[in-house]
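Reviewing the structure listed below.
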Amino acid sequence: MPDERLKMDQNLISFKCIEVIQPIGTFYIGSIDSSDLVHISYSDVRRMEERDVEVLSGIERPLSMKRVGELRRYVKNIDASFPTGIILAIDSDNAEYIKATGTMTIKRDPNVAKIIDGQHRIDGLRDYSGPKFQLNVTIFIDMDIEDQALLFATINLKQTPVGKSLAYDLFEFAKTRSPQKTCHNIAKLLNSKEGSPFHRRIMILGVATGSPTETLTQAAFIDRLIGYLSEDPMSDRDAIKRGKTPALVDAARIRVRKLIFRNMWIKDQDAEIARVLWNYFAAVAERWPKAWQFKQEGLILNRTTGFRALMRFLPIAYLSLGGLDTVVSQDDFASVFEKVKLDDDEFTPENFKPGTSGQSKLYHLLETHSRLDDHTIFNPTKKLPTRVGVTKV
């Protein structure tokens, strides 16, 4: 029975709830202010304890501070939303549901509500100071630990995560400009346009269509491109939705190496960004036609290892040719790759192992052979080369 003192305690949280009956038992669904939920909830983190034998106790996973940081930035966005429910377990001493009024009353004390699912979302709202942010909660009263653990396992083992390529693809439906939408559109354009060095090479949605030329996922392509448009894509998208213009990058600042396409993106010159990529990789295809054009076992240039190394080298080649805010021609890029003394048959997994080690090795060879290096191009005391005018697509 609920604690009678609960009814007399003035430090309460009350909100409307509906009662739901399922095979697991009865639970309640309602909405609660995020500040209240942060105050009353706690996470029973899975941990090792020494007893007569070692046993596992607790049901939640340790908090990922990286994920929490991402969510704390996300909740500041104009369209932030956590539409899925937080699942809580509360003792009847601390909560009471009044069926006649459809009202749930909970003690407003710390460590009253155990989090079964949703600890990162809750911690993402800690110290939140924006507009009203309510969360829908599912509340189990006097749920035993075995059912709590089973429910947690079911939620986290049965759900299928959304693929990264699909997540990027969904930005096609967005009306607002964003780095994500631009990169998605560029990937689709280069994949569909005949004559493009990426024609039918990108697996849109990350799923192979059976084309013999597909070597890259959409996510792999966009992950390497988006950092050249924005250091914080979600914040830039949010600024545009609020009617603001994201800040341009100052060419004199060293961070320009990460943001070589930012100014063109802000100025709505997505076609120019696509043309730079087209010209750069067309020069790659011209220099190493066999390694780039053919999907062949044993060659890595047109796969993730080669693509990432080439994308890492792109800012050096681009800025060395005076390419900031302009379109560099295929011939100019070709003049850089002509200096690289590697043959088609050398782009093998034996020479460039899959993963970061192979990518770094290829990148450093491109840097060394071309006699262009990061420290020279991005020396903040050195004036970057300039080009006159912009080559239109």
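The values are calculated or read from the model by the stated rules, or taken from the named source; none is laboratory data. Keep in mind that what you see is a predicted model, and the values were worked out from it rather than measured. FYI the Cβ positions are ideal-geometry reconstructions off the backbone, even for glycines, and counts take in every protein chain you see.
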Residue within the stretch 255-274 that is aromatic (F, W, Y), surrounded by 14 or more Cβ atoms within 10 Å (Cβ to Cβ) and either free of Cβ contacts under 8 Å to residues at least 24 places away in the same chain or in a helix (DSSP H, G or I) (or both) present: yes
Residues being closer than 22 Å to R201 by Cα and not hydroxyl-bearing (S, T, Y) - total across the stretch 292-342: 25
Qualifying residue in the stretch 304-324 (condition: within 27 Å of the chain's Cα centre (by Cα), polar (S, T, N, Q) and surrounded by fewer than 20 Cβ atoms within 10 Å (Cβ to Cβ)): yes
Residue check for F337: modelled with pLDDT of 95 or more and either surrounded by fewer than 22 Cβ atoms within 10 Å (Cβ to Cβ) or more than 19 Å from A220 (Cα to Cα) (or both): yes
So I98, is it more than 15 Å from I32 (Cα to Cα) and free of Cβ contacts under 8 Å to residues at least 40 places away in the same chain: yes
